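Working notes for the structure below.
Any read-out appearing in this document is the output of simple, stated calculations on the displayed coordinates, not a laboratory observation. As the structure is a computational prediction, the values presented were derived from the model and not from experiment. No Cβ is skipped: glycine too gets one built from the backbone with ideal geometry, and neighbour counts run over all protein chains shown.
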Amino acid sequence: TQRNLTVPDPLNPGFSVQEGKVRSNGAELQLAGEILPRLSLVGGIGYIDNEVVGGPNDGRRLPNVYRLKASAWANYRLSDAWTLGGGVFHHGNSYINPRNTNEIPAATIFDAAATWTTRAWGGRTTLQFNVKNIFDSEHFTGGFGAGNSAWTYAEPGRQFFVRLTREF
C-alpha cells in the first residue's frame with residue numbers, strides 16, 4: 001500500500017494531484033538456464049493488480065501500469081565467436097488516465113540480435129547488431145489523458161542498433 005501518491009491532474013495537463021492511497025498485489029516469476037549445449041533461455045512473467053483506495057478514483061487502476069508483462073529470450077551460440085538471439089516481449093493493457101476512460105491496448109513485440117566476440121589484440125572485443133520490433137508493429141508504452149482526450153507515447157517502428165565494446 002502506498003499513501004500520498006501523485007497522479008497527473010486530469011484538469012490541468014502538466015500538473016499533478018494527490019490520489020490518496022493505492023494498493024498493489026502481484027507476483028513475478030523468472031527462469032533462466034542453458035537447456036541444451038549452446039542454447040540458453042531466459043523468460044519471465046509478472047502480474048500486478050493495483051487499485052486506488054478512496055478518493056474520486058476509488059476502485060480504478062493506476063495509469064500507465066500494465067497488469068501483465070511477459071518476455072522470453074533465447075541465445076544460440078554458433079561458435080566461440082558468433083551468437084544469435086531472439087525474443088518476444090508482451091505487455092497487457094493499461095489506462096492512460098486516472099479515471100480509466102482511455103486505454104493503451106496490449107502489444108507483443110519481437111526482437112533479434114547477432115553478436116560477434118573475439119579475444120584478439122590483448123582484450124575482448126564485441127560487436128552486436130540488434131533489431132527491435134522486427135515486424136514493425138505499432139504499439140504504445142504510456143500516455144496521459146485529461147477528460148475524454150488522451151496523448152499516448154508511441155514507440156517508433158522497427159529500429160536497428162549497433163554496439164561495439166572493448167574490454168582491456
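Details
- Normalised by the number of residues in the chain, the average gap of Cα pairs under 8 Å and 6 or more apart makes the relative contact order 16 percent.
- Per the Kirkwood formula applied to alpha carbons, the range 1-77 shows a radius of gyration over Rh ratio, Rg over Rh, of 1.23.
- Normalised by residue count, the chain yields a Cα convex hull volume of 151 Å³ per residue.
- The range 11-77: relative contact order in percent, alpha carbon pairs under 8 Å with at least 6 residues between: 33
- If you take all other residues with their beta carbon under 15 Å from the beta carbon of A106, and give Lys and Arg +1 and Asp and Glu -1, the sum is 0.
- Length-normalised contact order for the range 43-113 - Cα pairs under 8 Å, 6+ apart - percent: 28
- Computed over the range 32-75, the P(r) tail beyond 11 angstrom holds 71 percent of alpha carbon pairs.
- Rounded to the nearest 20, the size of the Cβ-charge dipole of the chain about its Cα centre is 380 debye, with Lys and Arg at +1 and Asp and Glu at -1.
- Summed residue charge, Cβ within 12 Å of N50's Cβ, Lys/Arg positive, Asp/Glu negative: +2
- Range of Cα positions in the range 101-141 per principal axis (Å), largest first: 59, 19, 9
- Every Cα-Cα pair of the range 38-113 was included, and the share exceeding 22 Å stands at 43 percent.
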